[in-house]
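The values are calculated or read from the model by the stated rules, or taken from the named source; none is laboratory data. In this text, all values refer to a predicted model and were calculated from it rather than measured experimentally. Virtual Cβ from ideal backbone geometry, glycine too; neighbours counted across all protein chains shown. What goes into the accessible areas is simple: the full protein's heavy atoms, side chains included, and nothing from ligands, DNA or RNA. Shrake-Rupley method; radii C 1.70, N 1.55, O 1.52, S 1.80 Å.
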Amino acid sequence: MTKTVNHWIGGKTAEGASGTYGPVTDPATGEVTTQVAFATVEEVDAAVAAAKDAFATWRHSSLAQRTTILFKFRALLDEHRDEIAALITAEHGKVHSDALGEVARGLEIVDLACGITVQLKGELSTQVATNVDVSSIRQPLGVVAGITPFNFPAMVPMWMFPIAVACGNTFVLKPSEKDPSVSLKIAELLAEAGLPDGVFNVVHGDKVAVDRLLEHPDVQAVSFVGSTPIARYIHTTASAHGKRVQALGGAKNHMLVLPDADLDAAADAAVSAAYGSAGERCMAISAVVAVGAIGDELVEKIRERAEKIKIGPGTDPTSEMGPLITKVHRDKVASYVSGAAAEGAEVVLDGTGYTVEGYEDGHWIGISLLDKVPTTAKAYQDEIFGPVLTVLRVDSYDEGIALINASPFGNGTAIFTRDGGAARRFQLEVEAGMVGVNVPIPVPVGYHSFGGWKDSLFGDHHIYGNDGTHFYTRGKVVTTRWPDPADAPAGVDLGFPRNH
């Protein structure tokens, strides 16, 4: 029997009232295992209303109360990490180890939120004028919303809501309709941890739900992670309705390999960064830029390693890479490989015909490696979001940095070299928000903020870290004058001498 995933509003499950449902597929089998309710405008309004009601009291809760709940939630999350990982595998398809890694990275931000008291400290200047002090404080915004992608159904929501609620806001999550079950499990764990009803809500759906959140007058801020076209739309639409927005878009992350690099380490890094989680991550390395004469040797080392990757269902502990999320997406990824040769690329590995015995209806694609790819090829220009690695050849560092900086994306990048001076120049000159030096996927730890440049980020704030706290709060400056007690009116004795 097909499972139904419903909304979570005001601390409890709310059955979908629209009568419209979306299919949720097991990517390994192609079988529809679940249906998810799509929210109406009225159901989104109900979630926002529950959040608004809860904000009236949650904003005044003590920091000790908030962090106590978050500590309990963290313990429950740790206790249930295998169960959450299994839900991710069942609906997204990634292998269990990748799913566990996703939960672990989400836990980092919960850890940060548990220590939010330090981030929320204000400032005080005394005696700026006679008997005048000035202080600055940060206060919550109100109801905030998160719209999250399919590729990290646990981690990306946890980049948002722990900090938001720790700061005193209430939250409405609209997760991807492709793998919605994790969001309901998170809601249940938050309730078990003691989070008051209405502080965290979940509504599922499509553009109807998204647009209502973007225009709702009681939603003060919107966080988004997804593709660049949608990020641009989210930013434009929500900003037009007076909301604060952080919208993280797509990427084409480059890895520059200099002639002095450890090529074995570079090949290991390229394979893990390009093909991990089947390439369905915005921080995947999808373009290797080989400088000088090392190209042939580097490509051969990448090919040798890539051919050994075991592809299979995420439930198989020996699998190292799983299927793609949907058949439509699988076919789109395959089209970039099929058309690469006609655009001038050399197809070293072609994974488009890959299937898994016993799982023939799954959304399978094998490892693909494209060499000598021209910058005019679609396989280079587009964010493929699949296990396809392109290799470009350049003659010098300067040519390589110019190629990278010409990209409209600026999410993450990396350089592999033994030369500290070259690495220093690269980190200063490259136009990207996150830089790795001999590190292929430079996702910052929780107490530093995540975010790109150019078409990879719309809005002024990066996500989590200090930027996360600033995004979910607004500053207030208070100027205070108190008369000296020695100047108390006649007849009032406060015990202070009057001879100052």
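Antiparallel as a % of all DSSP beta bridges within the chain, to the nearest 5? Could the numbers behind the result be given before it?
Details: 31 of 74 bridges.
So the antiparallel bridges amount to about 40 percent of the total.
Note down the net charge around D460, summing +1 for each Lys or Arg and -1 for each Asp or Glu among other residues with Cβ under 10 Å from its Cβ. Don't jump to the answer; show the numbers that get you there.
Working: positive: R244; negative: D467.
Summing Lys and Arg as +1 and Asp and Glu as -1 gives 0.
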Practice item. State, to one decimal in nm, how far the label point of E307 lies from the label point of V435, with both points 7 Å from Cα in the Cβ direction. Key: 3.7
Revision key, fill the gap. Given (1) 0.98; (2) 1.05; (3) 1.00 as possible values of Rg/Rh (Cα atoms, Kirkwood Rh), the one from the coordinates is (2)
Practice item. Amide H neighbours of F200 under 5 Å, at least 5 residues apart or on other chains, H built in the peptide plane: list them. Key: F171
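Say the cut-off is 18 Å between C-alpha atoms; which of K12/K185; K72/K178; K207/K378; K174/K476; K12/K243 go over it? Each step should come with its number before you reach the end.
On the way: K12/K185 12 Å; K72/K178 29 Å; K207/K378 28 Å; K174/K476 30 Å; K12/K243 27 Å.
Exceeds cut-off: K72/K178; K207/K378; K174/K476; K12/K243.
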Practice item. Can you find, among S61, I401, H80, the residue farthest towards the positive end of the dipole of the chain? Put +1 on the C-beta of Lys and Arg, -1 on that of Asp and Glu. Key: S61
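If R0 is 45 Å, what FRET efficiency do you get for R481 and R424 from their C-beta distance, rounded to 0.05? Please list the in-between numbers first.
Numbers: r = 50 Å, r/R0 = 1.11.
It comes to 0.35.
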Exercise for review: Would you please give the residues with an amide H less than 5 Å from that of V439, counting only those at least 5 places away or on a separate chain, with H modeled from the backbone geometry?
Suggested key: I415
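Tell me the per residue accessible area of the chain using a 1.4 Å probe; a whole number in Å² is fine. Intermediate results must be reported in sequence, preceding the final value.
Numbers: 20320 Å² over 500 residues.
Here the residues of the chain average 41 Å² of exposed surface.
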Point to revise | Segment A342-D398, extension gain: residue separation times 0.36 nm, minus the distance between their alpha carbons | key: 17.3 nm
Review point. Of the heavy-atom accessible surface of the chain (probe 1.4 angstrom), what whole percent is carbon and sulfur?
Key: 52
Exercise for review: For G146, list long-range residues whose amide hydrogen, built 1.01 Å from N in the peptide plane, is under 5 Å from its own amide hydrogen.
Suggested key: V172, L173, K174, S223
Review point. Summing +1 for each Lys or Arg and -1 for each Asp or Glu, what net charge is found among the other residues whose Cβ lies under 11 Å from the Cβ of S18?
Key: -4
Review point. Expressed as a whole number of Å, what is the distance separating the alpha-carbon centroids of region 188-263 and region 279-344?
Key: 27
Exercise for review: Kyte-Doolittle cut-off -1.0, length cut-off 20 Å along the helix's own axis using Cα: show which whole DSSP H helices in the chain pass.
Suggested key: 41-58, 63-79, 96-114
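Report the relative contact order of region 137-245, percent, no decimals, based on alpha-carbon pairs under 8 angstrom and at least 6 residues apart. Before the final figure, lay out each step's value.
Values: 168 pairs, mean separation 33.6, N = 109.
Computed over region 137-245, the figure is 31 percent.
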Study note, to complete from the structure: Simple SL model, points at 7 angstrom along Cα→Cβ for D493 and D268; separation in nm is 8.2
